[in-house]
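The values are calculated or read from the model by the stated rules, or taken from the named source; none is laboratory data. Treat the numbers as computed from the prediction; the structure is a model and nothing was measured. A quick note on method: Cβ atoms are made from the backbone with ideal geometry, for glycine too, and the neighbour counts reach across all protein chains shown. Side chains are part of the model used for accessible areas, which takes the heavy atoms of the whole protein and leaves out ligands, DNA and RNA. Shrake-Rupley method; radii C 1.70, N 1.55, O 1.52, S 1.80 Å.
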Amino acid sequence: MVGTIEQVIQYLFKQDKSKKYEVKEHRQKRSKSQNAYMWEIISKIADIQRLSKEEVYLQMLKDYGQSEIISMLSTINPNGYLKYYEEIGKGQVNGKEFTHYKVYKGSSEYNSKEMSILIDGVIQEAKQLDIETLTPQQIAEMRII
C-alpha cells in the first residue's frame, strides 16, 4: 500500500493484529523515458569510442552508479551470483581466503533520484565528446514523467 501517514495508519488498524508489517518510504521509480534516453546517449558514446554499449554502460555504472562492497570465499566463482562487479582485493578470516568485490547495481533497480544522477553523468560524458544532448529543461521534464 502507498499513501500518506494517515492513510497508512488507518489501513494498518484494519489489518490482522497477529501479523507483522513493514513500512518504508515510497520512492518514485525511474521512468521509462529516463531509461530510453540513457541508452540513446550510451549508444552514441559507444559509437564514438568504438566500444560496445555494454562496455560503456558498465563504465557509467562504475563512474556514476550505485555500488556496495561484498566479500565471498575465494573458492566461489562470482559469475553465477554477480552481474556487474570488479575484484578489489583479498583477505583472510579464520584461515579462509575471501575475495572482495565492488558490486554495481543495475539501473533497472534505480529509483528516480539514482537514475537522475546516472543520467547526469552520462550527459556529462556525452558533452565532453561533443554529442548533442537534450536541453536542461527537456531533461527536467523527462524526470517528472
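Within the stretch 107-145, take every residue that is among the acidic types (Asp, Glu) and under 15 Å from Ile42 (Cβ atoms) and give me the one that is most open to solvent (accessible area, probe 1.4 Å).
Here the residue is Glu132.
For Gln7, indicate whether it is modelled with pLDDT of 80 or more, open to solvent by less than 100 Å² (accessible area, probe 1.4 Å) and in a helix (DSSP H, G or I).
Answer is yes for this residue.
Between residues in the stretch 55-74 that are more than 13 Å from Tyr104 (Cβ to Cβ) and open to solvent by less than 60 Å² (accessible area, probe 1.4 Å) and residues that are of a type in the set (Gly, Ala, Ser) and at pLDDT 95 or above, which pairs lie under 7 Å by C-beta distance while being six or more apart or on different chains?
Here the result reads Val56/Ala46, each pair linking the stretch 55-74 to a residue that is of a type in the set (Gly, Ala, Ser) and at pLDDT 95 or above.
Would the stretch 82-90 turn up any residue that is open to solvent by less than 80 Å² (accessible area, probe 1.4 Å), charged (D, E, K, R) and closer than 22 Å to Ala36 by Cα?
No.
Which condition number does Met38 fail, the rest of (1) at pLDDT 95 or above; (2) among the hydrophobic types (A, V, I, L, M, F, W, C); (3) surrounded by 13 or more Cβ atoms within 10 Å (Cβ to Cβ) being met?
(1)
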